[in-house]
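Report on the following structure.
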Amino acid sequence: MPKFTIFNIGDETFGIDILRVLEILRVPKIFSVPGLPEFLSGVMSVRGAVIPVMDLRLRFGMMPAGRKERIVIVRCGAEKIGFLVDEIKEILLLNPEEIKPSPSIFRGCKTEYLTGIGKKGDRIILLLNIDTVLTSEERIRLQESKELLEEKGAGTGKTAQ
Amino acid sequence: MISRKSITVRFIATVFLVLLIAQSIGTIVFTLYIRFSFFEELNTRMKRSAAIMAGVSGYPLLSFDFAMIDTYMEEVANDDAITSIHIVDAKGKVLREKIKEADSDIASVNPFFYRKSLTVSVPVNSGASRIGDVEIHYSARSINKTIAQSVTLSLLYQGIVLVFLGFVMAYLFNRHVKRPVSIINNAIEKITTGDLTVSVPDLGENEIGTIAKGVTFLEQRLSHTISKINETASNVSQAIRQVEHTYRIVGEGITRQTGAVKAIVRSIGNANKSQNDISEGIEKLLSFSTENVASLLQMKATAEDMAAQTQRLFRATEDSYSVVLEMSQTSKAISMNANQTLAAVEDTSASVEEVGASVREVEEHARDSSKIAITVKEITSGEGMMSVVNAVEGMDNISVQVKMSADIIQRLGTRSVDIEKVLSVIRDVTEQTNLLSLNAAILAAQAGEYGKSFSVVADEIRALSERTASSTREIGGIVKAIQKDIKDAVFSVDSAQLKVDEGNDLVVKVGEALRQILQGSMKSSDMTKAIERATSEQVLGLRQITAAVDDIRKVMNNVAKSTVEQEGALSYLLEGVGDVKEVAELSKRGAGEQAEGTRLISRNIELANERIGQINSSVANQKVVNKEIITAIEHISATGASTVSDMDEVNNSLKTLFSEIETLKQEMAVFKIT
């Protein structure tokens with residue numbers, strides 16, 4: 001029985017498989033770094049590690065509700081990436097019969113990013129497929145930028161010492 | 001209906017006159033023209049007749065065929081105008097003639113027109129030579145007749161036409177002008193008598209219609225003005241009635257005051273009368289004491305006589321006796337006088353007491369008045385001022401309390417901000433806890449079976465953090481509500497402050513009013529005090545008088561006692577008058593005693609006189625004081641009276657005004673208004 005981290009973007013409720021989630025954070029300072037690909041908002045520093053930040057709201061073409069903001073850090077292949085979302089609601093247990101396969105289009109959203117749709121009572125939860133949120137090209141570019149960032153981080157580390 | 005002044009009659013008469021004059025001038029011109037043309041025609045006819053006559057008579061004249069000529073003449077003479085025909089030869093001798101009328105007979109022809117007789121003469125020619133003349137005499141009578149006939153006819157015809165025209169004009173005039181004018185006239189007459197309810201009908205869009213509209217407009221304006229005047233008059237009369245009422249109340253008050261003043265004057269008059277009684281009594285006393293002195297002098301002289309007589313005792317024993325008798329009588333008279341004096345003194349004393357009573361009454365009144373003034377003063381200065389001061393203090397206290405409340409509320413406001421700060425910290429902590437719980441749950445899930453128990457703890461923490469968050473939200477709402485309430489409270493306190501300031505102003509005003517009342521009562525108190533002072537002076541004077549009268553009484557008692565002693569001495573003298581030697585000695589001793597007694601009496605009487613003088617002066621002083629009081633009271637009375645008379649004047653003016661308004665109302669009542 002999989003558990004999901006439930007969060008809101010706009011009026012929609014999304015869920016990410018808890019096994020892919022590393023951490024939930026308040027939004028720290030996000031630095032914009034020259035040379036980063038346009039789908040990244042910037043980078044942040046979490047306990048010394050530099051992690052790129054992607055605004056899921058922009059990716060899904062939704063307006064930010066702006067009430068609360070949280071960062072969900074997920075594992076994406078070998079990399080870590082931070083998703084900027086609205087409020088994190090809870091950790092939810094979904095039974096297998098509560099998970100339905102996603103239709104091709106749901107409420108005007110492309111369903112290519114989804115693994116399925118969870119139904120718990122009246123609530124409908126869009127279950128996010130992290131592997132498809134980033135295209136393969138983006139994945140490569142993320143890798144490149146990661147290397148770039150590590151160089152820079154090494155540089156700053158040297159200057160700091 | 002058709003009066004002499006009627007516009008129709010006058011207009012038609014004028015038109016008639018003009019037509020008559022025009023007709024006369026026309027007739028005269030016509031007559032002259034006809035006369036002239038007829039006369040020309042007549043002259044032409046006569047000349048032609050004469051020419052025919054001359055033409056036909058040439059040959060018969062030469063042949064002396066007079067019968068032919070006569071025939072012709074008869075023929076020609078048929079003309080009415082011809083009076084006679086004469087045929088004369090060249091020498092002027094009448095050959096033939098035919099006379100219808102002699103020239104001298106034509107006397108009745110109107111000389112206004114033409115001469116009696118006219119002549120036309122034409123020569124009779126035979127070849128180139130003139131053999132005679134034909135002379136025709138004629139008259140213009142026929143013309144006159146014709147003219148007279150035609151003129152008479154035309155005059156008659158014109159007269160008939162004129163009369164007919166006159167009637168037609170009168171009818172038309174009556175119809176178009178006179179009727180509407182009389183309607184307007186009637187309306188105006190009614191308006192003049194004051195009836196403003198009449199209405200003038202619409203008489204069309206001509207000049208008279210305009211006049212009618214003007215009259216209606218004026219009438220409406222007049223009625224409007226009159227109703228306005230009526231209203232104003234009734235308002236004014238009501239106002240006057242009110243003012244009159246007020247004046248009546250004031251007048252009653254003043255009349256009451258005048259009555260009180262009169263009562264005081266009466267009391268003082270009584271006092272004066274009593275004082276006059278005192279004066280009289282004192283004068284009586286004086287006269288009595290003068291009599292006493294005279295008697296004493298007499299007695300002294302008698303005593304001296306007695307001394308002389310003692311030397312000649314033997315010779316004049318009888319004389320002595322009679323002298324002693326005389327003395328005894330004189331002494332009795334003195335005694336009587338003294339008694340009478342005593343009675344007078346008693347009278348005086350009673351009068352003085354009456355005066356005293358009057359003065360005491362006045363004093364009592366003055367004291368009452370003073371008490372009232374003092375009470376007023378006490379009330380205003382004590383309780384009144386105290387109340388005002390209390391009120392001011394109370395208002396100040398309220399002001400301070402309000403300020404304190406405002407401060408407290410402000411502090412509450414700052415406290416609530418503090419609470420908000422704490423709340424935000426709590427909110428922060430709660431969020432942090434929530435995050436921690438979420439992360440813990442993630443970790444527990446990733447730990448699988450090992451993490452299960454930990455995940456329960458994480459859930460608990462999360463539930464706790466959510467509860468805290470909702471509580472914090474509630475607290476935040478409550479704090480917001482409190483802040484709003486505080487804002488309202490601040491606003492209320494501000495308005496309360498305003499009210500308190502207004503109250504303060506009012507209290508200060510009341511204090512001012514009370515101060516004015518206090519000033520007034522102080523003035524009246526001063527006046528009453530002055531009266532009291534004057535009265536107490538009077539009482540003092542009266543006390544002096546009473547003391548003086550008592551002194552007089554004492555002196556008079558002494559006199560009476562001395563007189564009794566003298567009488568005793570005299571009887572002793574009488575007893576021993578028989579014994580000459582003893583009598584001589586006794587006489588000597590008696591004379592000495594008598595001299596002593598006389599001296600005593602004399603001194604006492606002088607003392608009494610002195611006292612009486614003192615009383616007189618005291619009474620005079622008191623009189624002066626009384627006069628002053630009376631003058632003051634009269635002054636008050638006069639002021640009251642002048643106020644009354646002023647008010648009467650005002651009242652009269654008001655009455656006059658009122659009556660004028662009533663008259664105006666009556667005059668206005670004549671107008672009937674719709």
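For the pair A and B, how large is the buried accessible area, both sides, in square angstrom to the nearest 100, if the probe is 1.4 Å?
Values: alone 9020 and 42150 Å², together 49910 Å².
Between A and B, the summed buried area is about 1300 Å².
Grab the DSSP H runs of chain A that are 4 residues or longer, score each as -39,500 (n - 2.57), total them, divide by all residues and round the 222 nm result to the nearest 500 deg cm²/dmol.
Details: 3 runs with 33 residues, N = 161.
Result for chain A, helices only: -6000 deg cm²/dmol.
Would you work out what percent of the accessible area of segment A:3-152, with all protein chains in place, is carbon or sulfur (probe 1.4 Å)? The partial results should precede the final answer.
Working: 3920 of 7450 Å².
Using a 1.4 Å probe with all protein chains present, segment A:3-152 comes out at 53 percent carbon and sulfur.
Determine, from the Cβ-Cβ distance of residue B:68 and residue B:175 and an R0 of 60 Å, the FRET efficiency 1/(1 + (r/R0)^6), rounded to the nearest 0.05. Walk me through the numbers before you get to the answer.
Details: r = 76 Å, r/R0 = 1.27.
With R0 = 60 Å, the Cβ-Cβ based efficiency is 0.20.
So the label point goes 7 Å from the Cα of residue B:492 along Cα→C-beta, right? Which residues of segment B:392-435 then have their backbone N under 13 Å from it?
Residues passing the 13 Å test: B:405-406, B:409.
Working from Cα positions, state the angle (0 to 90°, nearest 10) between the long axis of helix A:136-160 and the longest principal axis of chain A.
For helix A:136-160, the angle is close to 40 degrees.
Given the options A:61, A:121, A:35, state which has the largest fluctuation in a GNM of chain A using a 10 Å cut-off (strictly under) for Cα springs.
Most flexible of the set in this elastic network: A:121.
Calculate, for residue B:255 and residue B:621, the FRET efficiency according to 1/(1 + (r/R0)^6) with r their C-beta to C-beta distance and R0 25 Å; round to the nearest 0.05.
Working: r = 35 Å, r/R0 = 1.39.
Calculated transfer efficiency: 0.10.
Which of A:13, A:132, A:115 moves the most in a Gaussian network model of chain A with Cα springs under 10 Å?
Of the options given, A:132 has the highest mean-square fluctuation.
Quick check: net charge around residue B:247, other residues with Cβ under 14 Å of its Cβ, Lys/Arg +1 and Asp/Glu -1? Provide the component values of the computation, followed by the final result.
Details: positive: B:241, B:248, B:655; negative: B:244, B:252, B:646, B:648, B:649.
Value of the local net charge: -2.
Obtain the nm distance between the two label points defined at residue B:452 and residue B:18 by a simple spin-label model: each point lies 7 Å from its Cα along the Cα-to-C-beta direction.
Each label point lies 7 Å from its Cα, and together they span 14.3 nm.
Leaving out ligands and nucleic acids, and using a 1.4 Å probe, what accessible area per residue does segment A:12-76 come to in Å²? If you can, show how the numbers build up before the last one.
Working: 3010 Å² over 65 residues.
Normalised by residue count, the accessible surface of segment A:12-76 is 46 Å².
Please give the length that would be gained between residue B:564 and residue B:151 if that part of the chain were fully extended, namely 0.36 nm times their separation in residues minus their C-alpha to C-alpha distance (nm, one decimal).
Details: separation 413, 0.36 × 413 = 148.68 nm, distance 15.50 nm.
Full extension of this stretch gives 133.2 nm more.
In segment B:229-281, if every C-alpha pair distance is counted and binned at 5 Å from zero, what percent goes to each bin?
For segment B:229-281, the pair-distance distribution reads 5, 16, 11, 11, 9, 9, 7, 8, 6, 6, 4, 4, 2, 2, 1.
Considering just Cα atoms, how many Å³ per residue does the convex hull of segment B:419-574 enclose? Could the numbers behind the result be given before it?
Working: hull volume 30.1 nm³, N = 156.
Spread over its residues, the Cα hull of segment B:419-574 gives 193 Å³ apiece.
Which of A:62, A:44, A:54 moves most in a GNM of chain A, Cα contacts under 10 Å?
A:62
If R0 is 35 Å, what FRET efficiency do you get for residue B:599 and residue B:360 from their C-beta distance, rounded to 0.05? It would help to have the intermediate numbers written out before the result.
Values: r = 42 Å, r/R0 = 1.20.
With a Förster radius of 35 Å, E is 0.25.
Report the Stokes-Einstein translational diffusion coefficient (µm² s⁻¹, integer) for segment A:3-152, Rh taken as the Kirkwood radius over Cα pairs, at 20 °C with viscosity 1.002 mPa s.
Details: Rh = 15.9 Å.
Using the Kirkwood radius from Cα pairs, D works out to 135 µm²/s.
Evaluate 2.2 N^0.38 Å with N set to the residue count of segment B:154-286, then give the Cα radius of gyration divided by it.
Values: Rg = 40.1 Å, N = 133, 2.2 N^0.38 = 14.1 Å.
Ratio of Rg to 2.2 N^0.38 Å for segment B:154-286: 2.84.
Which aspartates and glutamates have a Cα lying under 15 Å from the Cα of residue B:93, excluding residues fewer than 8 positions away in the same chain?
Candidates past the 8-residue exclusion: B:133, B:135.
Kindly identify residues of segment B:424-469 having a loss of at least 50 Å² in accessible area between the isolated chain and the assembly of all protein chains, probe radius 1.4 Å.
B:431, B:435, B:438, B:439, B:442, B:445, B:446
Can you list the residues of segment A:1-30 that have at least 10 square angstrom less accessible area with all protein chains present than in their chain by itself, probe 1.4 Å?
Those residues are A:3, A:18, A:19, A:21, A:22, A:23, A:24, A:26.
Which loop chymotrypsin sites (Phe, Trp or Tyr not before Pro) in segment B:1-69, with loop taken from DSSP, have no more than 11 other Cβ atoms within 10 angstrom of their Cβ? Write out the running numbers ahead of the final one.
On the way: sites: B:11, B:16, B:30, B:33, B:36, B:38, B:39, B:64, B:66; in loops: B:64.
Passing both the DSSP loop test and the Cβ count: B:64.
Can you give me the relative contact order of segment A:1-99 as a percent, contacts being Cα pairs under 8 Å and 6 or more apart? Intermediate values should be presented prior to the final figure.
Values: 200 pairs, mean separation 36.6, N = 99.
Here the relative contact order equals 37 percent.
The values are calculated or read from the model by the stated rules, or taken from the named source; none is laboratory data. Please read these numbers as outputs of a predicted model, since none were measured by experiment. Because the Cβ atoms are built from the backbone with ideal geometry, glycine has one as well, and the counts that use them run over all protein chains shown. For accessibility, only protein heavy atoms count, side chains too; no ligands or nucleic acids. Shrake-Rupley method; radii C 1.70, N 1.55, O 1.52, S 1.80 Å.
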